[in-house]
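Below is one structure, written out as structure tokens, with a few remarks after it.
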Amino acid sequence: MNISFFPALDSPDIDNYYSDRRHFLCGKDNVCLKPWRVPTICPNGDISNCSGMVLGNIKKQSFWKIWNGEKNNSFRDSLISHGSFPFCTRCCSFYEKYDLSGKLNVDE
């Protein structure tokens, strides 16, 4: 049986991941695109971003109005202005690299 882990970290990175949070903090130059690309839609219709912030409910508003609304745009603006939040360092998407063309690049 093969078991895969994501993110794919080597031994030193695994040690750092669990022991030294500062090692993986990213700044304004390393903005994650997950808040622009990955919504969560709950069974009750709530839509949230990666922070878990409920942005709205799809039963009451259109998806695009919620996803591109003031709450999520404010969160995105904070990421652009200030860099990642502390909870970002434990997100699997933190290890993905994005280029400006919008194509996903994952370090292998």
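The values are calculated or read from the model by the stated rules, or taken from the named source; none is laboratory data. Keep in mind that what you see is a predicted model, and the values were worked out from it rather than measured. Cβ atoms come from the backbone with ideal geometry, glycine included; neighbour counts cover every protein chain shown.
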Given the criteria at pLDDT 70 or above, among the charged types (D, E, K, R) and loosely packed, with under 10 Cβ neighbours inside 10 Å, does Asp10 qualify?
yes
Of all residues in segment 75-96, which are more than 15 Å from Val38 (Cβ to Cβ) and either modelled with pLDDT of 95 or more or of a type in the set (Lys, Arg) (or both)?
Arg90
As an exercise: evaluate Gln61 against (1) modelled with pLDDT under 70; (2) part of a loop (DSSP other than H, G, I, E, B) and give the number of the one condition it does not meet.
(1)
Considering only segment 33-44, I want to know if a residue exists there that is outside any helix (DSSP H, G or I) and modelled with pLDDT under 85.
yes
